[in-house]
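The structure appears below as structure tokens.
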Amino acid sequence: MPNNQQFFNDNGYIISKKIISLSGSDHLYKTLVLLAKKYQKDFPLNVMNEKSWEGDSFNNALIALRKNKPEIFGAIYDSIQNSAILSLNVCNESILKIVSKILECDVEGIAVSGVMMRMDAPNDNRNRLKWHQENSYYPQNLKGENGVTLWSPLHNFKKEYGSIELCIKSHKTGKFEIKKIPNQKQLFNSEQYE
């Protein structure tokens, strides 16, 4: 990990592949399908047989829900955010070991806040954010330093899907002044940069 530590200190990020286990990903997929079935009785249960985030039936059914029944999609989205399975995947032993080495602290000293699973449809920019700092404005992290953000796709990811973009070495500039950009379509304003 010394190389990862130095790379992180220099650049503000590291890439660690396959840190969410295949079984963990499968449990999360099953949880999402069962939540969809709970809120939308005619949600196709045959998607459970696909056992894949990339299955056409699964993705098409979720995209149709978001388009045609946004209140049901919203209930599914809200429920998955609070699922124990999501928390278990984010707080697995592999991730905690990596974070403890990066932050140079014991695993027992790591706190977790803001666990979230994004569910963005292709070519749908409703939840797209402008540049922003992820961890510097959480009240649990007053200095904006001792924190990390995990981004992990649950399927093979292609650039054209709208991947995350990083501002490399921006962690060295400290906490940016936040400017609220109002968004008329959302209830809450997001802290972003123009």
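The values are calculated or read from the model by the stated rules, or taken from the named source; none is laboratory data. No experiment lies behind these values; they were computed from the predicted model shown. Using ideal geometry, Cβ is built from the backbone for each residue, glycine included, and neighbour counts are taken over all protein chains shown. SASA here: full protein model, heavy atoms, side chains in, ligands and nucleic acids out. Shrake-Rupley method; radii C 1.70, N 1.55, O 1.52, S 1.80 Å.
Restricting the range 30-105 to GluC sites (Glu not before Pro) that sit in a DSSP loop and have at most 16 other Cβ atoms within 10 Å of their own Cβ leaves 54, 104.
Model label points for residue 15 and residue 82, set 7 angstrom from Cα along the Cα-to-Cβ axis, are 3.7 nm apart. Solvent-accessible surface of protein heavy atoms, probed at 1.4 angstrom with all chains present, puts 27, 132 in the order 27, 132, largest first. Checked against a 25 Å cut-off, the cross-linked pairs 18/172; 67/158; 37/97; 37/67; 17/97; 130/172 give Cα-Cα distances beyond that limit for 18/172; 37/97.
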